[in-house]
Amino acid sequence: MDGLSAIGIDLWGMFLYLVNYGILLGILGYYFYPMIIKTIDKRRETIKQNIEETQRLQEELEKKLQAQVGQADKMKAEYKAEAAAMKKELADKRTEMIAEMEEERAKMMDEAKELLKQKRDAIVADAEKQVLSTMKKVLLSVMQNRVPEDAVESSVSDAWNKYKKM
C-alpha cells in the first residue's frame, strides 16, 4: 500500500469517492430513474402509436388508391362504351344518309327518265307531225289536188296509226 501512496493515490480517499458515488447513484436512481424510465416508456409508446398511425394511413391510402384505380377503370370502360355507341350511331347515321341519298338518286333518275320519255314522246310526236305533213304535201302534189285534202289527211293518219302499232 505504500506503493500506492508513493504515486499519490490515497486508499481512504478512493473509498470515500466510491461511497459518495454509490450515494449519488442511489439518490439519482431513487428520484430520477423512474422519471427517466417513464419518459423513455412514453417516448416508446409515442413511437409505437406513430408507427400504427402510419400503417393505418398507409392502408387507407392504399384503399383510396385502389378505389380511384377502380373508378378510373370504370370511367375508361364508360368512355369506351360511349365511344362505341357514338361509332354505332355514326354508322347508323351514315347508313341512313346513304339510304336517303340512294332514294333521292332513284327519285331523280325516275324524274329524269320521265322527263326523257316526255321529251322523246314530244320529239316523236313532232317528227310524226312533220312526216305526216310532208307526206300530205307529197301526196297532194302527186295527186295534183284531185282528191280533197281532208280525205288525204284522214287516210294518212289512219294508215300511220295502223302501221305504227306493228
Quick check on Met143: is it at pLDDT below 75 and not polar (S, T, N, Q)? yes
Going by the structure shown, is Ile9 without any contact (Cβ under 8 Å) to a residue 24 or more places away in the chain and in a helix (DSSP H, G or I)? no
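The values are calculated or read from the model by the stated rules, or taken from the named source; none is laboratory data. As the structure is a computational prediction, the values presented were derived from the model and not from experiment. Here the Cβ is made from the backbone with ideal geometry for all residues, glycine too, and neighbour counts use every protein chain on show.
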